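What follows is a single structure, written as structure tokens, with notes after it.
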Amino acid sequence: MSTHQDDTALASASLPDRLRHATRSLHTEVERTGVMRHLLAGHIDRAAYTALLRNLAAIYATMEPLLAAHRDHRWLRCIVDDALFRSAALAADLQALDASAVTDALAPSAQRYRLHLQHLGAHAPGLLVAHAYVRYLGDLSGGQVVRRIVGKSLHLPTDAGLRFYEFGDAAQAKSLAQWFRQGLTAIDATDEEKQALCAEAQFAFTLHRTLFEELDPGRQGTLPVTTMPS
């Protein structure tokens, strides 16, 4: 197929297909970066995993109130559902793993991510769709694999510390992922707007890549941290 035909096919593709195509290589790269590389290999300790959850919790705690506040936006209303929200589960996991981690300092990249999300909430809330796509579909699919690896690596006797990945049983998680993809497909956006959403999803993956690099257990203690503003 020629480049022109490729471009034509992509332009007519659904939004979830375009997002997947735009982020495929970055997704693979991020999974092999820093702390995620250690985690997926089953080589992560409680301290490194808790640090990861702490930083993700800060990102969700910023993103989810913005999604809720703008849920009537013509795009966000297609994909926002409280069943997706992870903030409460992350807080419970941190409490179960290490209560002191709830107030630990953030990696600089997590703070930058939070500021970026706040900027979108104030100026371009529709682009939050891209960040919801990166986080929630990952949680609903690959997150289920991560749950098994973490439970085995940390020898967790119960689900305490693993609530982040709880979406009900496998059928419920699959149904929620399907609903989310259908919501993405229902978003009424121009080709230019879809390109902007794809570019924002790519940026979300680059933000995650930097965060996972900073949280690499081999680099801990060498980077500055940023305290979370009140």
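Considering only V134, Y165, P16, and ranking their Cα positions along the charge dipole of the chain that arises from unit charges at the beta-carbon of Lys, Arg, Asp and Glu, the one farthest toward the positive end is Y165. Taken over the C-alpha atoms, the chain has Rg and Dmax values of 17.6, 56 angstrom. If you plug the beta carbon distance of R32 and H155 into 1/(1 + (r/R0)^6) with R0 = 22 Å, you get a FRET efficiency near 0.30.
Note on R24/K174: beta-carbon distance plugged into 1/(1 + (r/R0)^6) with R0 of 30 Å gives a FRET efficiency of 0.90.
Helices of the chain meeting both criteria, an alpha-carbon length of 20 angstrom or more along the long axis and an average Kyte-Doolittle score not below 0.5, with helices taken as full DSSP H segments, are 46-69.
For the chain, the residue among I44, Q111, A177 whose Cα projects farthest onto the positive side of the dipole built from Cβ charges is I44. Each residue of the range 73-79 was assigned a 3J(HN,Hα) from its phi angle through the Karplus curve 6.51 cos²θ - 1.76 cosθ + 1.60 (θ = phi - 60°); the sequence is 4, 4, 8, 5, 5, 7, 10 Hz, with glycine and proline shown as x. Here the contact order of the chain, divided by its residue count and restricted to Cα pairs under 8 Å and six or more residues apart, works out to 38 percent. Highest-first packing order for the peptide set 16-25, 48-57, 149-158, 31-40 is 48-57, 31-40, 16-25, 149-158, based on the mean count of other beta carbon atoms within 10 Å.
No value in this document is a laboratory result; all are computed from the given coordinates. Everything numeric here is computed off the predicted structure, so don't read it as measured data. Positions of Cβ are backbone-derived with ideal geometry, glycine not excepted, and every protein chain shown enters the neighbour counts.
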